[in-house]
1. Give, as a single signed number, the net charge of other residues whose beta carbon lies under 12 Å from the beta carbon of P159, with Lys and Arg counted +1 and Asp and Glu -1.
2. Can you give the extra length, in nm with one decimal, that the chain gains between V244 and D118 once fully stretched, where that is 0.36 nm per residue apart less the Cα-Cα distance?
3. Order H102, H114, most accessible first, counting only protein heavy atoms with a 1.4 angstrom probe.
4. Sticking with the crude label model, points 7 Å out along Cα→Cβ, report the distance from K231 to K160 in nm, one decimal please.
5. Working out 0.36 nm times the residue gap between N187 and F20, then minus their Cα-Cα distance, what length gain in nm do you get to one decimal?
Amino acid sequence: AVVSTQSTGKLLDLFRCIGFSLALLKPLKYLEYVDISQCSNVFIEKTETGIEPSIFEGFPGIKWFLMGRTSKRMFCSEFLDYDYDVAAQLLQDMTNHCTEIHGVNLWRQRKIGHHFLDFVKKFGSELKYLDLGWTGLHRDLTRGWSFLQGSNICIDYCPKLEYLALTSVNLNMNDQDMIRLGKKCQNLEQLDLLGQTGFGEKGLHGLLTNCKNMTFLDLSYTGATIETVKKIRELYPYIDVKHVPSILETNRALRDEQLLEQMGLY
């Protein structure tokens, strides 16, 4: 790719692109939005000290950086063995060089716990978009913090969130955590809780009565039962509630139906 050093563009969308160097971003000093999500063979240059100098030194005004990956290898380099080495380095570089971040996508970027904590402490107050799906953040945080402290990171540091994805990042959030999330993050519009356990109907009501702007809620494979989801859909018809019940929940519902049929009540 050829990039002009005179470019004044603020948006760079490289979604699913293949085979380019992160160095091409450096001349784009006016960038505010970068999407390299689901790219592959993103080349990282080698220097005497290891990873190349931070790309964020060139555009400290960046506000959105999306680097969610697929299950395939995203970055390639001669000296780093794993993608998460690069993702963690990029997260650290953002924290060190950027002044204001509004959105970050870390989908499937592993072992970012320590760097994420520093990142969210600096930028959390202005974050609107946060995707932590499949990051394994809950495992990282238990190497020094409890599950509850892990969930509190999102609740206490990010009051302006409009989009939050905790897909398969089980922070063991209970009813009280859900109620606090609703009170602290009242701007939430989309919330993905797939795989979360520990909360029930009480927590969901506490969340949704405070989040008046909610339009989408994913409760798949959570602690929410089929009956609870049905009630939530009836009480909040303006919210698109996605729910794929767990195998155990599905089997229980089938047994209940069979029992009611035998009793002539179904």
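1. +2
2. Details: separation 126, 0.36 × 126 = 45.36 nm, distance 3.41 nm.
Value of the extension gain: 42.0 nm.
3. Putting H102, H114 in descending order of accessible area: H114, H102.
4. That separation, rounded to one decimal, is 3.6 nm.
5. On the way: separation 167, 0.36 × 167 = 60.12 nm, distance 3.67 nm.
Roughly 56.5 nm would be gained on extension.
The values are calculated or read from the model by the stated rules, or taken from the named source; none is laboratory data. Model, not experiment: these values are computed from the prediction. When we count neighbours, we look across all protein chains shown, and the Cβ atoms used for this are built from the backbone with ideal geometry, even at glycine. With ligands, DNA and RNA removed, areas are computed over all heavy atoms of the protein, side chains included. Shrake-Rupley method; radii C 1.70, N 1.55, O 1.52, S 1.80 Å.
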